[in-house]
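Below you'll find the structure, written out as structure tokens, and then a few comments.
The values are calculated or read from the model by the stated rules, or taken from the named source; none is laboratory data. This structure is a prediction, so every number in the text was calculated from the model and none was measured. Cβ atoms come from the backbone with ideal geometry, glycine included; neighbour counts cover every protein chain shown.
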């Protein structure tokens, strides 16, 4: 959801602004500890409009670089709100900063209906991440057992090493890569199919490196999170020795909804 918020009050730039981490459904004032971004030990608290609240902290009025420390702080605040306090936060994009609390309330007021709709859709839903890497050699051995043409060509080249042609070796290489790609697709489809019954939705993200075959996010109902975790471990055990599973979470639904703002300020950061 993209939202444009204008601030044309003509106020002079101040040294402190309001950093927004997420939006929650909450009518009462809440605090979450001195865990705010920027390393100053700022309190994280709520700013309200009707039954909605922005989870915020005071922060230096500047552009925040997405360094590891800053990104982890942003995520940590939302994790505390969600895991330790039982809310379902709709995350704001990293670096969202308003000049004043009044600007923050104005944002809640202007986008109230849209925020309520998103919060209802995400209510009691958590995100889990799943990365799957493979042991290429183990998978290749399995592929060779299953692919008669690949076995035949490999045996032919090995038995005639001195006379085997460059073309034959190139053909073998292409067969191996295609067979591995097909096997990777098969593994990924099987994993998605088996997790579908425990997840509401999924999203496939770009894989990183040669070993990773799956980088996915799953949206899971809070009351099914234990079942989802059990299913992941069950699948991982079945593919032990070939595939390595790394599950992360629970997280706020970063991959399924994030509020991004295009801020227009009269005296911008």
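Condition check ((1) within 20 Å of residue 108 (Cα to Cα); (2) at pLDDT 95 or above; (3) in contact with a helix residue (DSSP H, G or I) (Cβ under 8 Å, 6 or more places away or on another chain)) across all residues:
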position: 5; (1), (2), (3): yes, no, yes
position: 30; (1), (2), (3): yes, yes, no
position: 34; (1), (2), (3): no, yes, no
position: 40; (1), (2), (3): no, no, no
position: 54; (1), (2), (3): yes, yes, yes
position: 62; (1), (2), (3): no, no, no
position: 79; (1), (2), (3): no, no, no
Filtering helices (runs of 4 or more DSSP H) wholly in the range 21-131 for at least 3 residues that are more than 30 Å from residue 212 (Cα to Cα) and touching a strand residue (DSSP E or B) at 6+ places or on another chain (Cβ under 9 Å) gives 101-110, 112-122
Return yes when residue 139 is part of a helix (DSSP H, G or I), modelled with pLDDT under 95 and outside the structural domain of residue 177 (by TED's automatic domain parsing) and no when it is not. no
Selection over the range 201-210 where residues are surrounded by 14 or more Cβ atoms within 10 Å (Cβ to Cβ) and in contact (Cβ under 8 Å) with a residue 60 or more places away in the chain yields a count of 0
Condition set part of a loop (DSSP other than H, G, I, E, B) and touching a strand residue (DSSP E or B) at 6+ places or on another chain (Cβ under 7 Å), scope the range 178-225, selection farthest from residue 143 (Cα to Cα): answer is 200
Residue hits (the range 16-44; without any contact (Cβ under 8 Å) to a residue 60 or more places away in the chain and buried (at least 18 other Cβ atoms within 10 Å of the Cβ)) are 32, 36, 37, 42, 44
Exception for residue 74 within (1) touching a helix residue (DSSP H, G or I) at 6+ places or on another chain (Cβ under 9 Å); (2) at pLDDT 95 or above falls at (1)
